[in-house]
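Laboratory data are not the source of any read-out in this text; all were calculated from the coordinates shown. Predicted, not measured: the structure shown is a model, and the values here were computed from it. Don't worry about glycine lacking a Cβ; one is built from the backbone with ideal geometry, like all the others, and counts go over all protein chains shown.
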Amino acid sequence: MQIRKATIVDIEAIQSISKITWGDTYTFLPNGQMEFMLDWMYSTTSLQSQMQNGHQFFVAEVDDNVVGFASTSIQESNIYKLNKLYVLPLTQKNGAGKALLQRVIAFTKENGGKEIQLQVNRNNNAKDFYLKHGFSILYEADFEIGNGYFMNDYVMGLQL
């Protein structure tokens, strides 16, 4: 497995992984919310903008196939946010998520970061993955995202 920085040419793979993993993970969301959020965060225009405006994406590859990705960006002077970390369901539990998280941690440290924060839906089992890797729950929050939809999340943090 290889972890590398993603580029614009990886957008199609990122979109594909997003649709597959979200369809598998977010079955509990109200009708229409998944499509709304995928369009909001994973449209080509949105991903290009994120990549051009300080979000660092990484991809995990196995045999030249992208099987997962992560995205991070600076929030405050020394706090980074893990915006996204998704691995194809058939590849989960094979180390890709851990490798992506380790790369985000290394990137954060390389850039002077002292903490990583993230949001994870309170119904998403990924919370346990983050707890296993040293994150703690800082607080619960409901974020209004438009069209009457909310993200009902835990905000989690890891001190570096």
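Once you put a point 7 Å from the Cα of Glu61 and another 7 Å from the Cα of Tyr139, both along the Cβ direction, what distance in nm separates them?
The two pseudo-label positions are separated by 4.2 nm.
Which distance in nm do the two modelled labels at Asp128 and Asn152 give, with both placed 7 Å along the Cα-to-Cβ direction?
2.0
Give me the distance in nm between label points sitting 7 Å out from Cα along the Cα-to-Cβ direction at Ser43 and Gln2, one decimal.
Each label point lies 7 Å from its Cα, and together they span 3.3 nm.
Take every Cα-Cα distance within the stretch 37-121, group them into 10 Å bins from 0 onward, and report for each bin the whole-number percent of pairs it holds.
All Cα pairs, binned at 10 Å, distribute as 17, 47, 33, 3 percent.
For Ser77 and Gln102, calculate 0.36 nm times their separation in residues minus their Cα-Cα distance, and state this gained length in nm to one decimal. If you can, show how the numbers build up before the last one.
On the way: separation 25, 0.36 × 25 = 9.00 nm, distance 2.07 nm.
Separation in residues times 0.36 nm, less the Cα-Cα distance, equals 6.9 nm.
Kindly put Phe107, Phe135 in sequence by how many other C-beta atoms sit within 10 Å of each C-beta, fewest to most. Write out the running numbers ahead of the final one.
Values: Phe107 17, Phe135 21.
In increasing order of surrounding Cβ atoms, one gets Phe107, Phe135.
Multiplying the sequence separation of Lys109 and Asp24 by 0.36 nm and subtracting their Cα-Cα distance, what value in nm do you get? Please report the intermediate quantities before stating the final value.
On the way: separation 85, 0.36 × 85 = 30.60 nm, distance 3.21 nm.
Computed gain between Lys109 and Asp24 is 27.4 nm.
Considering the Cα trace of the chain, what is its radius of gyration and what is Dmax, both in angstroms?
14.9, 42
Rounded to whole Å, give me the distance from the Cα center of the stretch 133-160 to that of the stretch 1-68.
After rounding, the separation between the Cα centres reads 19 Å.
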